[in-house]
Each structure stands twice: as structure tokens, then as C-alpha cells.
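To start, the structure itself, in C-alpha cells.
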Amino acid sequence: MSLYSFDGQGLKKMILGSTNLLALHKSEIDALNVFPVPDGDTGNNMYLTLLAAAKEIQELETVHIGEMAEAAAQACLMGARGNSGVILSQLVRGFSKALAGKERANAIEVVEALEEGAKLAYQAVMNPVEGTILTVMRRSAEAARNAVAKNYDLLRVMIMTLKEARMALAETPDLLPVLKEAGVVDAGGRGYVIILEGILNGLKQAEDIGLLMDFKARQESKFTQVLTREVDTEIHFTYCTEFLVKGTNIPIETIRHELAPYGDCLMVVGTEQVVKVHIHSNHPGMVLENCLNYGSLHEVAIHNMKEQSRKIKDESDTLTKEIGVVTVGTGEGLMDIMYSLGADSVIVGGQTMNPSTEEIIRAIKSVPAKGILLLPNNKNIILAAEQAAKMVQDKRVIVVPTRTIPQGMGALLSFNPMVNLEENYENMVSASASVLTGEVTRAVRETNYNGFQINHGDLIAIAEGTIVSVGLDLKLILTDMLNKMLEEEHSLVTLYSGEEVMGQAEEIVEYLQEELPDIEFELHQGGQPLYHFILSVE
């Protein structure tokens, strides 16, 4: 079998085939995270980014490959999540540029598209690092160029391209020592290999490739509609419903599964004794009735979001200010703190919920201000934030490259609405740079890192992006981390407690105060999932 060209419907099959494969392998890709933390999301980010294209083109009937590529590229740009998703969106954009105006594509044009995609992907990253998805993209494009010099058969060219991509992926640990120490290959590179496999499958199959059921179902709960205090967003579910369930042996996953059909923005977190439930629903009574099966209900709060939105809109219709602030955060407590420090819109997202470019743009547009300071508060959201900033034409948007929640809080504390955008940017960058960040979570797999043998379920303390302590006692882990972080000039530690430590946080801080009497401690209820504590040292 030989194939020398294909049209827009052929490209559709390749994209759908690749999305299908990513859906099957996304959990495997997530598990390749260097850190054994519960927020490995490269596979999900790449899947949801490509899913945006699949949904956009699934009903598109054009056979014009340039038109199909353009539709896919625009959808990927808007749907890009996380750094891996942004890089993938640039690959698809490269395809679109190379295939613009063409009705069909041959092997040479596909090679040019691969090369343009790799080029744009490198340009999207300020400091490209070899041993990542970028290396796999570049080397596979080079292999495609060499292959097409000998044969114009698209199948043969893509087979050689995939072969080189697999070899490049296998060699990523030799280029990045951190991958070798963790015993993994690059997650983004693995995702790209899966995509190439999907492209090759699409080329081989003459019949239509059907969509997975996931494509027509709503997305996973942790990637549901992003919440912002916007004034123009249509509200599909009226009542924000929050409460605690107290009991014994509470089945968290069962509750999550049962509540999913009742609305969106679902969060079910906690322990077997105390579970926090948050959901947007049109039937709060049914939600409460369901959860009564598993324990008693406490601290029930139900808010009418349509009424809240109307009030905010009435207030904003007459207001246009010079500078607005958009930030990213997760956890009710953290979001409330951000609003109190001057944020106009807080996008729900962070460690495991990287918002898409489109969601960031929507939040930017919701703020009635001429200029916007955008704080991503996560290193894996910075590229999507920068992409969003470039795509907003009617406002000036500057990204303050905050990499953690504490850096974002430090930046917000320095915000001054009386000075201009540039001066605020400089102040925020300076303030965020002076903050040290610590985090405590549980390991989701066994690994070796930084001299530590880490077992599944261990508590791990991460200081400034490096694992510095491992154990089973939360108090000892925190104390050990702080002893390694604190310098003579430090005097204040601010802790944001997560859902996992409800009811324990104050006791833990009292213990830390006894162990470190020269340090002032401040405790805030952050409410973030997965991370027991996020803390800043100043």
C-alpha cells in the first residue's frame, strides 16, 4: 500500500485518530511526571488541547486541507492547557501555516508542516531545553526530511518519522539528568510519539475513525468550566452549593460519580470522616439528599449565582478603570484572599487544573479595565497566559511570570492601582522574586529523587521546586523543610492549609511555633486540593 497525498478529510481522520490514542494513554503520560506528586497532567493537557481541535472539526465537511488545518489550529490555540498544550498548539499552527491555501498535501508538504511546527514550538519557549518534547519534535522532523529525499510515499515517510521520534524519546534521559534519576522519559515527548502514531493510523485506515464517547460527554470534573467572577459569562447552573459531610468510611469516589450528572465545577475532597463538597447545580436539594446517604451535613451554603452575576454586572456597567488584575488559584480560601488583595477575576486552576488559553482570555475580557496584569501562579500556566495575552487585541495585557501561589500573593500585595501598568509590573516581579515557596503533598508512586527513596503514599516536602524532605509525619516534614529553607534574614512564614488537613492546621502551626520560636507564623485556610500546605517564607 502506498499513499502520495491526502485532503482535508484525511487530516480530520489523523487528528481524530491521534485524539483517540491520547485519550487511551493520557494517564500513562501523566505518570511520567518527574516528581511523584498528584499533579502530573501532561497527558491530560495534551489530550484536552487536541480534543478542542477534534470537537471543532468533527462536523467540518470541507475537503480543502488548508481550511481544515486552519480550523484545527485556531481551536488548539484557544484550547491549549499547560506548557505541553501550548507547545502542541504551536505544532498544529505550524501545520496550518505550511498548508495554508492548499487543497491536498503530499509528502514534501507534510515534511514542511512538521518542520514549521517544530520551529514554532521552539519559538514558544523562552529558554528551550533539550531532552523534552521539543527535541522529539525536531529530530522527527529531521528524519522526515531525510526520508522524503528518498521516497515520496507518505506512509514510508511517517514510519521513518515515528521511528526517529521513538529513538529521540528513549534518549531524553541522557539529555536531562533529572529524567534519568527519576527513571522516566519526557512526558511531553511521549505524548508527541502517541500523536504521530495516531497520524500514521489515520493514513493507513480508509474507513472513518469514530470519536470516543468522551468527546461528546462533558470533560472530567477537574477540567470543568473555569470559575471567574465575570459579568458576561452565561450561567448554566444557578446554585453554588457547598457543604461538609461527616461520617465514617465515606466513599469519596462514589459521591463524586453520583453527583457528576447534577451540574459542573464539582469538587469532592477530604477524608473518610470529613468530606467537602462543592458543585454548581440547578437542583441543590437533590445534591443534599444524595449525600445524606453517607453521613450528616454541616455548614451548608447555597448561593444564587445568577443574582450575584446581575449585581456585579450592574456595578461594572458604569466602571472602566485603568488597571485590572487577573490571577489563577484553586481553593475557596485562596481565591477569597486573592480577591481581598485586589484581584478582579480569579480563574480556578493550578496544579491539576491548568486553564485553557480561551478561559484565560475570557477572564481578561470580563474585567472592565484598559490594562490587565495577569498572574499565572504556576510555571505550567505561564505559556498559556502569554499566548492569551497576545491574542487579546482590545486591552494591553502584561504577564507577571509568577510560578507559585505564594509568589502570586506577594505580587498582589505590591499592587498599587494609583501607579501605571509598567510600574506595577516591575513592583510585582520584584515582590514575587523575594518569596520562597514550600509545598507538602503525598507521593503517588515510588521513585528515587535528590537522594531520597520515595514510596507511594509518603509525604514529600518541596522547597523552591526541589524535594527536600520525605516521611510520614506531617509535623516533622514541615519542620525539616523550614529548617532547610530559613535563613537569618527570614522572619515570617505564611501557611495556606489545604483540604487534606481540615481541623488539624492550627495544631500543626502551634507545634511549628514551639519548634521555631524566632519565626512569626500566619495561618490561612486555603482550601486547595491535594496539597496539605502551601507556604511562603519571607
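The values are calculated or read from the model by the stated rules, or taken from the named source; none is laboratory data. Quick caveat, the model's predicted, so the values are computed rather than measured. We place every Cβ from the backbone using ideal geometry, glycine too, and count neighbours over all the protein chains shown.
Couple of notes before you dig in:
- Residue within the range 440-456 that is modelled with pLDDT of 90 or more and under 30 Å from Leu374 (Cβ atoms) present: yes
- The number of residues in the range 148-180 that are under 30 Å from Thr447 (Cβ atoms), in contact (Cβ under 8 Å) with a residue 12 or more places away in the chain and part of a helix (DSSP H, G or I) comes to 15.
- Annotation for the range 73-95: at least one member residue is assigned by TED's automatic domain parsing to the domain that holds Leu60, within 29 Å of Ile361 (Cβ to Cβ) and in a loop (DSSP other than H, G, I, E, B).
- Residue in the range 110-130 that is touching a Pro at 6+ places or on another chain (Cβ under 9 Å), in a helix (DSSP H, G or I) and in contact (Cβ under 8 Å) with a residue 24 or more places away in the chain present: yes
- Residues that are farther than 21 Å from Leu530 by Cα and without any contact (Cβ under 8 Å) to a residue 40 or more places away in the chain, drawn from the range 259-282: Pro261, Tyr262, Gly263
- Test: residue in the range 448-458 that is part of a strand (DSSP E or B), closer than 30 Å to Lys246 by Cα and among the small types (Gly, Ala, Ser): no
- One residue stands out among those in the range 283-323 that are touching a Gly at 6+ places or on another chain (Cβ under 7 Å) and not hydroxyl-bearing (Ser, Thr, Tyr): the one that is modelled with the lowest pLDDT, which is Glu322.
- The range 44-78, residues that are closer than 21 Å to Gly189 by Cβ and of a type outside the set (A, V, I, L, M, F, W, C): Asn44, Asn45, Tyr47, Thr49
- Among the residues of the range 146-177, the one identified as polar (S, T, N, Q), surrounded by 22 or more Cβ atoms within 10 Å (Cβ to Cβ) and within 18 Å of Leu200 (Cα to Cα) is Thr161.
- Of all residues in the range 1-48, those being closer than 30 Å to Gly438 by Cα and either modelled with pLDDT of 90 or more or assigned to a helix (DSSP H, G or I) (or both) number 12.
- Close Cβ contacts (under 6 Å, 6 or more residues apart or on different chains) running from residues in the range 474-485 that are assigned by TED's automatic domain parsing to the domain that holds Leu516 and more than 17 Å from Ile454 (Cβ to Cβ) to residues that are in a helix (DSSP H, G or I) and among the hydrophobic types (A, V, I, L, M, F, W, C) comprise Lys475/Ile508.
- Residue within the range 54-76 that is within 23 Å of Lys119 (Cα to Cα), among the charged types (D, E, K, R) and at pLDDT 90 or above present: yes
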